[in-house]
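The values are calculated or read from the model by the stated rules, or taken from the named source; none is laboratory data. Just so we're clear, the structure is a prediction, and the values are computed from it rather than from any experiment. Don't worry about glycine lacking a Cβ; one is built from the backbone with ideal geometry, like all the others, and counts go over all protein chains shown.
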Amino acid sequence: MISMTGVVRQNYWGLTNMAKIKSKWVCQKCGYEAPGYLGKCPECSSWGSFVEEAEVVSKVQPQHENKTFFENDIQKINDISLDETFRFSTGMEEFDRVLGGGLVEGSLVLLAGDPGIGKSTLVLQACAYLSSNGTDVLYVSAEESTRQLKSRAKRLNINAEKLSVLSQTNAEEIKNAIVQTKAKVVVIDSIQAIYSPNITSSAGSVSQVREACNSFMEIAKTTGTTIIVIGHVTKDGTIAGPRVLEHMVDAVLQFEGDKYKLFRMLRAVKNRFGSTNEVGIFNMKDNGLEEVQNPSELFLEGLQNNMASGSVVIVTNEGTRPLLVELQALTGFTSYPAPRRVATGIEYNRVLQIIAVLERRVGLNLSKQDVYVSVVGGMEINEPAADLGIALAIATCLRNVTIEPSTVIMGEIGLSGEIRPINQLDARIREAAKMGFKKAIVPKSSMSSKAPTGIEIIEVSKLTEAITKAIG
Ligand SMILES: Nc1ncnc2c1ncn2[C@@H]1O[C@H](COP(=O)(O)OP(=O)(O)O)[C@@H](O)[C@H]1O
Ligand SMILES: [Mg+2]
Ligand SMILES: [Zn+2]
């Protein structure tokens, strides 16, 4: 290989142009590599997840001279213009918000989710919008035939002039097509069906998925193309899941939802260009995904008039938007030597801590009680502002009383049973008032403006006080 300077390039071993065959055992769950077979993965503790992957390292290593994007001259930070991160809309407010305000030019986004959840549908709808706005879009269908894609487009009423479709699984061919068509946005559906001829292991294996993702990343960075890569989350270890790609891409969006219910949630697991707290909510309809404008309504469906004991409504604030969600707790005399504690949609350790505080600071006896806590509607809540709601759900169920109807509850609980302030309280209360709630039990003096009319604010500073006031 002759480099630009005319010197014969050698690799580290002093060899030129030698193909090297490597064989290694790779955990198909997490990508951990070992020189030989291992029964249990030291990284992710999976059993039987190792598969041998023979790999022919390509003869010609990429030379740094080829890379132009990363080798720009050294610049003063003040001279760098911000136009470089140019964003554009997907036409769906919910999608845009989760992306941090739209797609970023030259970025690679991984969209992960269970098979059948609606990934292809979501992306195709975004493609349709982009193309109607004059953007050249290339949809690479590696899984479905172009006819299948067309029939989905027909069902979704999509008529997109600037949308091209390519049925291809070879990563090199796809790279050529991207360069040739000069598409501004490219979709790869899905990464698990792509293979790179440089590598001998089968499509869908960790090595293949990584190699393909790497080469698309390079294309995105050198040409400024925005690439959306779709990946299936797999439960068995045979096909590499999107987790092995997380560290190399710019953003990872997770599309999830209850298969039996119709709404779907889109959340950012990683985002180099925005917050990871945003949640986008969609409704799966016959003619595609519909954005849900008022998600609180969805999570509270059929609630207001029949509050059972152990049921509370909290206001979470994941991201920039407050959301009303119902929490439920169930307690009952245990038939196990150690009582069971089950948390669905809430962090398990948080529930254990709240139970400990309820026992020690309020005097509830939960040592012989099984405790189940769950978030209604499949939401996941990761903020301490839900503490007080969880505590009240458990306490009211244990005492078999109900919380006053039309009451929302929020606050963080400290270990001594004190109620701590939470962020964005005003916005949360406004959302509750908008949804018709009449009372809010909140931490003392954390409001910064006047409460909206129609909702009574009850400030509490101790857990015992909150329980008394909530049961009313
Ligand atoms: N012919 C159809 N009529 C109505 N809904 C359909 C039809 N085909 C698929 N769907 C809906 O679309 C979903 C599959 O969406 P898709 O985007 O293909 O998922 P993914 O790409 O995540 O595997 C199905 O779960 C179903 O709800
Ligand atoms: Mg699909
Ligand atoms: Zn592993």
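Might you check whether a residue that is at positive phi and crowded, with 18+ Cβ neighbours inside 10 Å occurs anywhere in the stretch 383-402?
Scanning the stretch 383-402 turns up no residue that is at positive phi and crowded, with 18+ Cβ neighbours inside 10 Å.
When residues of the stretch 254-277 are filtered for being in a strand (DSSP E or B), hydrophobic (A, V, I, L, M, F, W, C) and closer than 25 Å to residue 434 by Cβ, how many remain? Spell out how you get there, then give the answer.
Initial filter on the stretch 254-277 (in a strand (DSSP E or B)): 254-257, 263-271.
Subsequent filtering for residues that are hydrophobic (A, V, I, L, M, F, W, C) retains 255, 263, 265-266, 268-269.
Filter once more, so that each one left must be closer than 25 Å to residue 434 by Cβ: 263, 265-266.
Adding up the residues that qualify gives 3.
Residues in the stretch 146-157: is at least one assigned to a loop (DSSP other than H, G, I, E, B) and under 22 Å from residue 194 (Cβ atoms)?
No: zero hits.
For residue 280, only one of the following conditions fails: (1) modelled with pLDDT of 90 or more; (2) in a strand (DSSP E or B). What is its number?
(1)
Residue 457: out of contact with any helix residue (DSSP H, G or I) (no Cβ under 6 Å at 6 or more places or on another chain), free of Cβ contacts under 8 Å to residues at least 40 places away in the same chain and either assigned to a helix (DSSP H, G or I) or surrounded by fewer than 17 Cβ atoms within 10 Å (Cβ to Cβ) (or both), yes or no?
Here the answer is yes, as residue 457 does meet what is asked.
Between 368, 444, 450, 438, which is free of Cβ contacts under 8 Å to residues at least 12 places away in the same chain and assigned by TED's automatic domain parsing to the domain that holds residue 309?
On the way: 368 fails: free of Cβ contacts under 8 Å to residues at least 12 places away in the same chain; 444 fails: free of Cβ contacts under 8 Å to residues at least 12 places away in the same chain; 438 fails: free of Cβ contacts under 8 Å to residues at least 12 places away in the same chain.
So the residue among 368, 444, 450, 438 that is free of Cβ contacts under 8 Å to residues at least 12 places away in the same chain and assigned by TED's automatic domain parsing to the domain that holds residue 309 is 450.
In the list 167, 215, 202, which residue meets the criterion of being surrounded by fewer than 21 Cβ atoms within 10 Å (Cβ to Cβ) and either out of contact with any strand residue (DSSP E or B) (no Cβ under 8 Å at 6 or more places or on another chain) or of a type in the set (Val, Ile, Thr) (or both)?
It is 215.
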